[in-house]
Amino acid sequence: MEQLKKILFLSLVLFNLQALCQSNHLVLDSLPFSSQKPLIKGQTSNISFTGFYRFLGFVRNQTHTFPNNSGKTTAILVGDAYREPMLLLKMRGVTKDEIQFGADFMINSLYKGVNETLNKELTLELGLNIRTSIPTRYGEYNIKTGGVSWYRQSRLTVWGNQAFNRTSIYDRRPQTPLTNNPNDRYSKFYNSGLVDQGIRYGNRAFQGLFIEGLKLPRNFVFKGVIGKSNFNRSSISTNDNFTGCFKLKNTLSDSLYISYQYLNSFADIDSLGLNQRSYSINTIELDKKWKNFRLQIETGVGKYSDIDNDLGIGDAVIANVKTTHASPFQFHLHAYRISPQFINVTGNLFNTTVLEVFPNVEGVGASVRLPFKSPMVGLGFPVNNRQGGALNTDIDFGKLKINGGLGIFSEIETSSAGISYIHEVNSETLSRINLFTQSWGPYNSFNSNYRTVFEEVNLTDGDLNGNVDYLKYFNTIELQTKYNMKVKGKNVYFFTLTKVNSCQKSFELLPVFSNQALINQTSFISDISYELNKKSNLIMSYGIERVKGNILTDLGENGMPRNQKNSLFGCGFDYKIGEKAMIFLRQNFYRFYDPNFSLNHLQGTETMLELKINF
């Protein structure tokens, strides 16, 4: 019966898909849209429209469910309930006075906001943005205001999370653009290692007034914004909250620049506006290039305060040494030290010091909540109250490409009696079961944010205040391989990704697999792409994850610690059905199981069909 439901559902979608593709009026939108992008005047009109249609339907059939999570065995859904539109109509225009404006109309999105009264068939995704440029003899000045725009300036002030693109190529995101043909997505990942996630990747969302100055005297440039950010919200929606920042940069030569960055953010935390939660940061950045090397350093100080905490001044430094393409041996040395008093949730770092900095706004706070309790993270993700370094390298052996890294880190001060870790396998599947929710699952250990799930582990040797009297040490190994071969003239790509993380009480050079590790997390993912022809690719993925705890962590019903086994097998089909239209089919078989925590048993299948058309 369940298989019949899937067949009927997919048949209906494919029937409508065929009707949609009869039209030949599809035009390529080759540039990813953002309201902040410069808007180009059309040849015959001052206003132009582009956009995309994206249908996502999936059937989930579970043979084992979490008992306190509704226990649904079958779900047939259109859309995955994230705030991403089914139809996005993008308007661009320019007035006679060269004032540019843009808006993006979100049509028939299944999720419009945290309040049911905000639900509308037609709404704005990022709002209406207005932009203009003012050229003068002393420089060119750009001003932008209106809706939401994407912005970044430095890793310690404003920057989105960026790592080393060591990820699976199997899953697709709504921001993933269409390529000229299905094989291009996998060939680009093989050649450059990049996964295009759209303009949001590496940026933070702001709403306010943006100012930029270019071509200033003595090689100066500046940019800044004053407005609102989603990362420091007031608990009461009518209260004030503002974030302002700017960057002043001076290019001393073709190979050297220095810059100064500033950030200040505050939010009222009571109904009268008498008490505030605020943090401010000042940093200096230096970027120097040689023939074979590039050095990047950012250092600064920050101060955080609220009604309960006045942490004083904290310091931070991030340094990177990279080889250039001219160097015969490629490596990247990354080191940082971020004190526990240095708190910033709009930068490229995780906060582990003050939980209240994550606002408890319904439907909002959970969406930006990141792992808090001593997180085990991948390479390239700095954490405050932590110091250490990582060495990454790239080596090519013909068509075999290998890149990997080894990281060693430790806490600066003792912290809470807990550890958190992000699931590497089935993370998107688990997050779709319970969106933007904290402390869910049979043992209230799961936390969902945007398309990921992390768990929190309690340590039993904490004091009455919930803290431990020792420093935690972290070790990480990441290894990625890529290989390309031809089978009867068709491209076949093999990708593997191995990650090992451990947290323990002592300094170690390598991850610990024994019972001395408080938590050990090991994962392996293998993706295969086979080019059937110029219009289609066959995709397969296999992932397995193992998480083990020792006797000082949570214990199950039988008195034993975590012993999680997480697996995924998926197969898919990418097909180009029109000049600017593709379909993507994915069939996933997943299982999450822990023999020591009997209620942690989840097993089922997901069938997903995505249709995306640019116009």
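Nothing in this text is a laboratory measurement; each read-out follows from the coordinates by a stated rule. Note that the structure is a prediction, hence the values are computed from the model and not measured. Methodologically, a virtual Cβ is constructed for each residue, glycine included, from the backbone with ideal geometry; neighbour enumeration extends over all protein chains shown.
Peptides 148-154, 389-395 ranked from most to least packed, by the mean per-residue count of other Cβ atoms within 10 Å: 148-154, 389-395. For the pair region 216-285 / region 371-432, the C-alpha centres are spaced 27 Å from each other.
Once the convex hull of all Cα atoms in region 371-410 is built, its volume per residue stands at 68 Å³.
In region 261-314, the inverse of the mean reciprocal separation of distinct Cα atoms equals 13.4 Å; this is its Kirkwood hydrodynamic radius. Shown in residue order for region 520-534 are the 3J(HN,Hα) couplings computed by the Karplus curve 6.51 cos²θ - 1.76 cosθ + 1.60 at θ = phi - 60°: 10, 10, 10, 9, 9, 10, 10, 10, 10, 10, 10, 7, 6, 7, 5 Hz (x for Gly and Pro). Taken over region 468-615, the convex hull of the Cα atoms encloses 161 Å³ per residue. Plainly put, region 560-615 has a radius of gyration that is 1.27 times its Kirkwood radius, both from alpha-carbon atoms, as the Rg/Rh ratio. Couplings 3J(HN,Hα) of region 205-216, computed from phi: 8, 10, 10, x, 10, 10, 10, 9, x, 10, 6, 7 Hz, in residue order, whole Hz [Karplus 6.51 cos²θ - 1.76 cosθ + 1.60, θ = phi - 60°; x for Gly and Pro]. Taking trypsin sites (Lys or Arg not before Pro) across region 488-583, the ones in a DSSP loop with at most 16 further Cβ atoms lying within 10 angstrom of their Cβ are K488, K505, K534, K535.
Expected output is a single nm value to one decimal: the length gained when fully extending between R173 and T460, i.e. 0.36 nm times separation in residues minus the C-alpha distance. What is it?
On the way: separation 287, 0.36 × 287 = 103.32 nm, distance 3.87 nm.
Full-extension gain reported as 99.4 nm.
Extension gain for the segment L538 to Y450, taken as residue separation times 0.36 nm less the Cα-Cα distance, is 29.0 nm to one decimal. Between F507 and F242, the modelled labels are 4.6 nm apart [label points 7 Å from Cα along Cα→Cβ].
Taking the number of Cβ atoms within 10 Å of each Cβ as an exposure proxy, the fewest-first ranking of C503, C571 is C571, C503. A simple rule links phi to the HN-Hα coupling: the Karplus curve 6.51 cos²θ - 1.76 cosθ + 1.60 with θ = phi - 60°, which for region 275-285 gives 10, 10, 10, 9, 8, 9, 9, 10, 9, 10, 10 Hz, with x for Gly and Pro. When region 462-531 is described by a simple charge dipole with +1 on each Lys and Arg Cβ and -1 on each Asp and Glu Cβ, the residue from N484, S502, Y470 located farthest towards its positive end is N484.
Which value results when the Cα radius of gyration for region 427-473 is divided by 2.2 N^0.38 Å?
Numbers: Rg = 13.7 Å, N = 47, 2.2 N^0.38 = 9.5 Å.
With N residues counted in region 427-473, Rg over 2.2 N^0.38 Å equals 1.44.
Approximating the spin labels as points 7 Å out from Cα along Cα→Cβ, the M485-to-F105 distance works out to 5.2 nm.
With an 8 Å cut-off on Cα pairs and a minimum separation of 6 or more residues, tell me the relative contact order of region 522-601 in percent.
Numbers: 172 pairs, mean separation 21.2, N = 80.
Once normalised by length, the contact order is 27 percent.
Quote the FRET efficiency, to the nearest 0.05, computed for I226 versus N558 with a Förster distance R0 of 56 Å and r equal to the Cβ-Cβ distance.
Values: r = 56 Å, r/R0 = 1.01.
Computed FRET efficiency for I226 and N558 comes out at 0.50.
Set the Förster radius R0 to 41 Å, insert the Cβ-Cβ distance between Q603 and D184 as r into 1/(1 + (r/R0)^6), and round the FRET efficiency to 0.05. Please report the intermediate quantities before stating the final value.
Details: r = 35 Å, r/R0 = 0.85.
Plugging the Cβ-Cβ distance into 1/(1 + (r/R0)^6) gives 0.75.
The residues F446, F58, F573, when put in order of fewest to most other Cβ atoms within 10 Å, stand as F573, F58, F446. Size descriptors for region 404-524 (Cα atoms only): Rg and Dmax, in that order, 18.1, 67 Å.
Potential lengthening of the chain between Q587 and H325 amounts to 90.3 nm, from the contour at 0.36 nm per residue minus the alpha-carbon distance.
If Lys and Arg each add +1 and Asp and Glu each add -1, what is the summed charge of the other residues whose beta carbon sits under 13 Å from the beta carbon of F293? Mind showing how you got there, number by number?
Working: positive: K288, K289, K291, R294, K322; negative: D287.
Net charge in that neighbourhood comes out at +4.
Between I284 and S192, the modelled label-to-label distance comes to 3.5 nm, taking each label 7 Å out from Cα in the direction of the beta carbon. Qualifying GluC sites (Glu not before Pro) in region 398-478, where qualification requires a DSSP coil assignment and no more than 12 other C-beta atoms within 10 Å, comprise E413. As a proxy for reagent exposure, ranking M106, M376 by other Cβ atoms within 10 Å from fewest up yields M106, M376.
Shown here are the Rg and Dmax of the Cα trace of region 514-575, at 18.2, 56 Å. Distance from the Cα centroid of region 293-312 to that of region 506-567 is 33 Å (rounded to whole angstrom).
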